Amino acid sequence: MDCLIDSTLPIGGGLSSSAALLVGTGKCMLALAGLDMDAQRLALLAQKAEHEYAGAPVGIMDQTIVAAARAGHAMMLDCRDLSKTFVPLDPRELRVVVANSMIKHELSGGEYAERRSQCEQAVQFFRTGNNAITSLRDVKMRLVEAARAKLGDVVFRRVRHVVSEITRTTQFAGLLAQKHYDEAGALMVQSHASLRDDYEVSTGELDFLQAKAMQVRGVYGSRMTGGGFGGCIVALAQPRAVEPLAKHLKQTFAERFKMEPIVFDTAAAAGASIIE
């Protein structure tokens, strides 16, 4: 086929652009062949392409949301069994504001793979005492704290981030479903701090945007998104806060870094589809 790609999605911004490209291309090929495919299978094939062709050891979250998103909902994905929980996200109450730091990231670089390797190393450590442990999903924080000296400072902090982030994610979904937006936003702030300090994948630009976002009234929470080392932050905000938030971020970021970030707001939409 001859293929023309047009996109308004920032490339290298931590907004799943590679997953969108792969899943979208897959949908296009299937349509041209007069075929269809289960959304999760398509997501897994897109992940396989990232691993084997692009050399990026990515997870399955981005591909799954691009392939299987439901309009008006956030999705919590269980990466172990690929089950999905859809949580209503009313655009009349909440907007997701994206601010691009204009610093591109590259997941096929060594930093991302290094962190994955550190986490795998920790899993092997914990498995020596319990064969039932197959991932950090099986590790409780008390085990992490008890193993601090043996893991070493860096691996300990990587593990502490992952284990605490799993807890935050499940709590966040519950709070969002109950419309406890202030508490959900507080978890986003905690998540950013953990990504910055324990996982060490943030940048000065992202930290600046995240902190400035929290100064605007009507913003519930903010954090970096994507694999880190550049890209974007996302903020959960009231619709009335979108305009003042965008203005504040553009002005303060330009004053500090001498360039203007791209800021836009979004709502939860459906996944990749064919437009006739």
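The values are calculated or read from the model by the stated rules, or taken from the named source; none is laboratory data. Keep in mind that what you see is a predicted model, and the values were worked out from it rather than measured. Heads up, the Cβs are rebuilt from the backbone with ideal geometry, glycines too, and the neighbour counts pull from every protein chain shown.
When the range 96-108 is filtered for residues that are modelled with pLDDT of 80 or more and surrounded by 20 or more Cβ atoms within 10 Å (Cβ to Cβ), the ones remaining, listed by number, are V97, V98, A99, N100, S101. Screening G72 on (1) in contact (Cβ under 8 Å) with a residue 40 or more places away in the chain; (2) within 24 Å of C119 (Cα to Cα) shows it passes everything except condition (2).
Considering the range 1-23, the residues that are of a type in the set (S, T, Y) and not in a helix (DSSP H, G or I) include one that is surrounded by the most Cβ atoms within 10 Å (Cβ to Cβ), namely S16. Scanning the range 236-263 for residues that are closer than 14 Å to V96 by Cα and touching a helix residue (DSSP H, G or I) at 6+ places or on another chain (Cβ under 8 Å) turns up L236, A237, L245, V263.
Candidates E111, E93, E50: the one that is of a type in the set (D, E) and at pLDDT 95 or above is E93. Checking A43, A33 one by one, the residue that is surrounded by 11 or more Cβ atoms within 10 Å (Cβ to Cβ) and not basic (K, R) is A43 and no other. Is it the case that the range 169-182 has a residue that's farther than 30 Å from V96 by Cα, modelled with pLDDT of 95 or more and of a type outside the set (D, E, K, R)? The answer is no, given that none of the residues of the range 169-182 is farther than 30 Å from V96 by Cα, modelled with pLDDT of 95 or more and of a type outside the set (D, E, K, R). Name the residues in the range 145-175 that are under 19 Å from T134 (Cβ atoms) and in contact (Cβ under 8 Å) with a residue 40 or more places away in the chain, would you? Residues satisfying the conditions are R158, V159, V162, T169, T170. Looking at the range 192-229 only, could you name the residues that are farther than 20 Å from Q251 by Cβ and aromatic (F, W, Y)? Selection gives Y199, Y220, F229. When you scan the range 64-73, do you find a residue that is polar (S, T, N, Q), modelled with pLDDT of 95 or more, closer than 16 Å to S273 by Cβ and surrounded by 13 or more Cβ atoms within 10 Å (Cβ to Cβ), even just one? The answer is yes, given that some residue of the range 64-73 is polar (S, T, N, Q), modelled with pLDDT of 95 or more, closer than 16 Å to S273 by Cβ and surrounded by 13 or more Cβ atoms within 10 Å (Cβ to Cβ). In the set R137, R157, R168, R196, only one residue is closer than 19 Å to R116 by Cα, of a type in the set (K, R) and under 16 Å from the mean Cα position of the chain (by Cα); that residue is R196. If you go through the range 78-132 and pick out every residue that is under 15 Å from V58 (Cα atoms) and without any contact (Cβ under 8 Å) to a residue 12 or more places away in the chain, you end up with 4. Considering (1) over 25 Å from M75 (Cβ atoms); (2) surrounded by 18 or more Cβ atoms within 10 Å (Cβ to Cβ), say which one V162 fails and leave the rest. Failing condition for V162: (1). Selection over the range 176-208 of residues that are in contact (Cβ under 8 Å) with a residue 60 or more places away in the chain, over 22 Å from A268 (Cα atoms) and either in contact with a Cys (Cβ under 8 Å, 6 or more places away or on another chain) or of a type in the set (A, V, I, L, M) (or both) gives a count of 2.
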